[in-house]
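First up is the structure itself, then whatever we jot down about it.
The values are calculated or read from the model by the stated rules, or taken from the named source; none is laboratory data. Quantities reported herein were computed from a predicted structural model and do not represent experimental measurements. With ideal geometry, Cβ positions are generated from the backbone for all residues, glycine too; neighbour counts draw on all protein chains shown. Note: accessible area is taken over every heavy atom of the protein model, side chains too, but ligands, DNA and RNA are not part of it. Shrake-Rupley method; radii C 1.70, N 1.55, O 1.52, S 1.80 Å.
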Amino acid sequence: MINDIPPVVPAGRMAALPQPEFPLPGGMLLRPWRASDAPALVASYEDPDIRHWNRPARRTPAEAEAHIARYHALWQTEEAAIWAIAPPTGPALGLVGLADLDLRDGSGEILYWLLPAGRGTGVTVAATARITRWAFEDLGLHRLRITHSVHNPASCAVATKAGFPLEGTMRGALLHADGWHDEHLHARLRTDEAPA
């Protein structure tokens, strides 16, 4: 007899929780996006590195505010969990989050970007590590992954330093402006030891 497999994370668990805030080293903060952060989304398209590797949409300030409202809706529908990386009293400098959430099977994909003003501080690694801890310990996911173009060494370094070993290469996995890119696949299980 085959028994039904229960969901790894019961439906409704995430939506029942308020989206938490987390302090990060260097006085930075992970927090939900605010309408006042719209300029950061507009600026993400203007940055050539973010535009190339993350493929953000061009947005007006009003469209950016609507997109931020969608981040909050995605939390309620348990499809994604998106945080702003920001100083405690200032606007967002970057984004980290969980997308492609599959609570039933206990998995998701971490994504991140950082505007030039925040780069070189290690904050993306710290933010990725903190969201990973929340996803495993508080939400209860089993497996998280990070994917990035094989030509993006900065993203590869973030993934590795945050404790996501390289599992392999996915051929022709994502279309960029300059053509199809092979993608590295990094992943971590809840049972893996966290990096020191």
**Message:** Suppose we keep only residues that are loosely packed, with under 14 Cβ neighbours inside 10 Å and part of a strand (DSSP E or B) within segment 177-192. Which one would you say is farthest from the chain's Cα centre (by Cα)?
**Reply:** Gly179
**Fill in**
Scanning segment 123-176 for residues that are surrounded by fewer than 16 Cβ atoms within 10 Å (Cβ to Cβ), under 16 Å from Pro195 (Cα atoms) and not hydrophobic (A, V, I, L, M, F, W, C) gives Arg133, Glu137, Lys161, Pro165
**Asked** Inside segment 150-180, can you point out the residues that are within 14 Å of Ile110 (Cα to Cα) and either touching a Pro at 6+ places or on another chain (Cβ under 6 Å) or hydroxyl-bearing (Ser, Thr, Tyr) (or both)?
**Response** Ser155, Thr160, Gly163
**Prompt:** Restricting attention to segment 59-90, which residues are among the β-branched types (Val, Ile, Thr) and open to solvent by 60 Å² or more (accessible area, probe 1.4 Å)?
**Reply:** Thr60, Thr77, Thr89
**Item:** Test: residue in segment 54-66 that is within 22 Å of Glu109 (Cα to Cα), of a type in the set (A, V, I, L, M, F, W, C) and touching a residue at least 24 places away in the same chain (Cβ under 8 Å)
**Value:** no
**Fill in**
(1) touching a helix residue (DSSP H, G or I) at 6+ places or on another chain (Cβ under 7 Å); (2) touching a residue at least 24 places away in the same chain (Cβ under 8 Å); (3) under 26 Å from Thr147 (Cβ atoms) all hold for Tyr45 apart from (2)
**Boolean, Arg13 is surrounded by 12 or more Cβ atoms within 10 Å (Cβ to Cβ) and farther than 23 Å from Ala126 by Cα** = yes
**Prompt:** Do any residues in segment 135-149 that are aliphatic (A, V, I, L, M) have Cβ atoms under 7 Å from those of residues that are in a helix (DSSP H, G or I), where the two are at least six apart or on different chains, and which pairs are they?
**Reply:** Leu141/Ala135; Leu144/Thr132; Leu144/Ala135; Ile146/Ala159
